[in-house]
Each structure stands twice: as C-alpha cells, then as structure tokens.
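Engineer: Pasting a structure here, questions to come.
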Amino acid sequence: MASQLPLPFVPDPRLTRAAFIEASGNVQAVRFIDRWPHWPAAVAALHGPPGSGKSHLTSAWIKAADGLVVAAGSLAELAPAALKGRRALAVEDVDRAAPSLARDRVLFALLEEAAAGGALLLTGRSPPAHWPVALPDLASRFAALLAFPLWEPDEALLRALAHKLFTDRQLRVPEVVVDRMLHFLERSPEAIRNFIELADRKALAEGRPITLGLIRELLAG
C-alpha cells in the first residue's frame, strides 16, 4: 500500500472542565477553580510540570468566567486597553517569559486591577516565589500569591490521559497498547502526548490501525 501524506490535523483537545482528569496531584487546584465565582482571593496561581493540566484547567475557568487568556511573553506588546477592565484574565507561562520592566509593569498593573475588583489567574512551571522578575516589587507579590500545585501524575492519571488523547483523535486502541506505552515511555504527560501523536501519524501514513505491533516498532526506533 502506498504511503499517505499525514495531514496537518490538530485534534480538538476538549479543554472543558468535564474532560479534565482529576487525581490526587491536582485536587487542590481543581477544587479552587470549581469555587468560581466565590474565590477566596482575587489572584491565584497554578504551577506544575509540562502536561500536568495547567492550560486545560485554565481554559475551563476562562470559559466559565467568560474571560481572556494571554501568554506572559506577549504582555509587553499588548496595548493596556486590550486588558483593562477584564473581569477574568489568565496569564500563562509567567516563568517562561523573559522578565523585563515592560512585562513586569503590565503584570503589576493587572495584580492591582484584580485586587480592585476582578480575577486573575497566573500559571508557571515552578512555584510563583521562584518566578524571575525585573521589577523588585513584583517578586514580593508573587511570593504572597495563593498558589496551587499540579504534581507529577500517578499511574491512574497517566492511563486515563492516554485513553483521553486517543479518544480526542477519534481512535480506539486495545488496552495492551496503553500498557506497553506506560511501561516503556517516560512517565510524563508530555512524553505520552508526543508518542500518541507520532503513532497517529505513522498509522495514517501507512494506512494501519494502531496496534501493539505498531507501538513496538515505534519504541524500537
């Protein structure tokens, strides 16, 4: 059978609250998000490794709050009017954006505005107290934030995530496929997500279903 060219199809990740996988490592963050609009603080942070669910949970909250999500790296270029007056705002990947006075002044203004009547959710890989800043006053604000960790996932969460990612791509696979993946892959959501994308592309290009044989070939390579 002739090879097929994989199409640049990006599946809908279904970033809804109902599709979010709850586990012991994210329960505090989930409970806080679910309390909206009765949050105990106007500003909070979510932190955890790549693939731990920060963007998913943030997206679910933004939808519920009818808010706006922006990347921290783009704050310095955004006009203040584009953000001012937002009832709910999320800024993602704060610790991955290079600190600058321009960026930090916008962040400081957002913190002040949220405290005056609004809601602001920040995300990063490390705890907020470790986020780099160019504006000294911002460091103390970060350190005082109400922050919720999303820890490395356990076996149950990784298995549920694998099934969800296959389902998002409208794929049904035998349980033995997931068993093999979890046994040999790095135990991180990012590794599982990347591997499933690779398996989907290989299956599409070769006109094959995703079977244990295909998984073995990828792992051997």
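Engineer: Mind checking which helices (runs of 4 or more DSSP H) fall wholly inside segment 102-221 and carry at least 3 residues that are in contact with a Gly (Cβ under 8 Å, 6 or more places away or on another chain)?
Structural biologist: Ranges flagged: 189-206.
Engineer: Same structure again: Only residues that are without any contact (Cβ under 8 Å) to a residue 12 or more places away in the chain and farther than 23 Å from ASN26 by Cβ: list them for segment 153-194, please.
Structural biologist: ARG172, GLU175, ASP179, HIS183
Engineer: Next question, about the same structure. What's the number of the only condition in (1) more than 21 Å from the chain's Cα centre (by Cα); (2) at pLDDT 85 or above; (3) at positive phi that ARG105 fails to meet?
Structural biologist: Here ARG105 meets the rest and fails (3).
Engineer: Something else about it: How many residues are among the aliphatic types (A, V, I, L, M) and surrounded by 18 or more Cβ atoms within 10 Å (Cβ to Cβ) if we restrict to segment 115-138?
Structural biologist: The total comes to 6.
The values are calculated or read from the model by the stated rules, or taken from the named source; none is laboratory data. No experiment lies behind these values; they were computed from the predicted model shown. So basically every Cβ, Gly included, is an ideal-geometry build from the backbone, and we count neighbours across all protein chains shown.
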